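Reviewing the structure listed below.
Every number in this text was worked out from the coordinates using simple rules, so none of it is lab data. Quantities reported herein were computed from a predicted structural model and do not represent experimental measurements. Here the Cβ is made from the backbone with ideal geometry for all residues, glycine too, and neighbour counts use every protein chain on show.
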Amino acid sequence: MPALQVSPIVAALDQPEAGLDRETVPRVALSLVEAFAEIPDPRHARAIRHGVLAILLLGACAVLTGARSFAAIAEYAHDTGRAILDLLGVGAVVPHASTIRRVLQDLDPDAVEAAMRRWALAQLADRPAPDGVPGREQRRVLALDGKTVRGAHIPTSTDTDAGPGGGGGYRQPHLVSVLDQGSGVVLGQVEVEAKGSEVAAFTTLLDELDLTDVLVTADAVHTNRNHADYLHERGGHYLLTAKLNQPTLLRRLRALPWTRIGVAARERGRGHGRVRPAPSAWCPSTPAPTLAASSSRTPPRPSRSSAADAHWAAGSGPQ
């Protein structure tokens, strides 16, 4: 049976339309309080004045109101009313900005991510199926991709003796994330050294998720037999972009009889300042393991052939 929310303010985090009246708090599969309660406190047990759960809930509420720094979280904690502080479990003394910063910085990132993933998956599983949508279109689709974080940098060397101008350098962090396409919820994220090392993060991110009958999409860096076999063994399906890093696969896709295949879908997309129609077609491919292949063509430019303007992908499972 779904548990009653522990705190009405946390119900407002899960469902913004909910009020603070305990009688009107909706029932959910897993509350944010229950998820955050699994995160261990990094401090020693002696002389703890502010619980880690209260600080986490303060941070969540502050971020929802627009806070983007530890100082802004502290300002929210000091400016909000005592009624909300009591509901969040904050004691008579509001935590200082330095306390909030130390606690949040010392948390185990893996534990925080696991708690957030557990809460997000519970909310997704509790969502009712939309009316009038065919069952095959309700399949969960996960997108895996890596992006370099703009405006951030981390040191490439731990040598503190080099000084400001010597030896040490900086690089921008590169994060690989897996996202639920239906809801836009990020279910996992890991940092990698560079673009090429995204391959190792593929199984690391997906190991924690149930992939039964789930379609996973990824760009060409993940198009290899090992990843296809991994998804097949986990009961999932794949749709992987094919480029020149897999020349044999790309050659087979281009050789399929696309001229005899009707358009399966048409979409209009905006990219690089242009609005372009993108018709898509599917072609059953034999032999296995490539069960289906797709080609999304854009109108050919005078200087480029239609094959060069096409986007090729190989997939498995039903269309």
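Below is a table of values for the structure above.
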| quantity | calculated |
| --- | --- |
| Length released on extending from S69 to Q105, taking residue separation times 0.36 nm less the Cα-Cα span | 11.8 nm |
| Karplus-derived 3J(HN,Hα), 6.51/-1.76/1.60, for each residue of region 214-219, Hz, glycine and proline x | 9, 8, 10, 10, 7, 7 |
| Normalised per residue, the volume of the convex hull around the Cα set of region 73-115 (Å³) | 82 Å³ |
| Sequence of T259, T204, T99 once ranked by neighbouring C-beta atoms within 10 Å, starting from the fewest | T259, T204, T99 |
